[in-house]
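Structure, as structure tokens:
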Amino acid sequence: MKTNVKKNVGRRLKIIEGQVRGLERMVENDEYCIDVITQSSAVRKALSSLENAMLENHLSTHVIEQMKGGAHQKAVAEILTVFKKAKRK
């Protein structure tokens, strides 16, 4: 993994961790449902952003190396797997 991506992903994970803890407190404190849903949506968006960063890293490192190394089928299969998972969201 690229160093800058690893640092960025680590930072994003800490933010997500804080958001989830905040969600837990909101539920424990019987916060207004719409506020909990709003915060939950923010967590989902943050996770999606994390996935995008990881996918970009994978495409720009591992997939390129697979293609250069002649592992075209493996690279295509991985890309299709990620694409299919993304469509299920």
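Can you name every residue in the range 53-74 that is of a type in the set (Gly, Ala, Ser) and under 26 Å from LYS7 (Cβ atoms)? Answer for the range 53-74, where residues must be of a type in the set (Gly, Ala, Ser) and under 26 Å from LYS7 (Cβ atoms): ALA53, SER60. The number of residues in the range 43-65 being modelled with pLDDT of 90 or more, loosely packed, with under 13 Cβ neighbours inside 10 Å and of a type in the set (A, V, I, L, M) comes to 0. Outside any helix (DSSP H, G or I) and in contact (Cβ under 8 Å) with a residue 12 or more places away in the chain: does that describe MET1? Against the criterion (outside any helix (DSSP H, G or I) and in contact (Cβ under 8 Å) with a residue 12 or more places away in the chain), MET1 qualifies.
The values are calculated or read from the model by the stated rules, or taken from the named source; none is laboratory data. For clarity, every value in this text was computed on a predicted model and none was experimentally measured. So basically every Cβ, Gly included, is an ideal-geometry build from the backbone, and we count neighbours across all protein chains shown.
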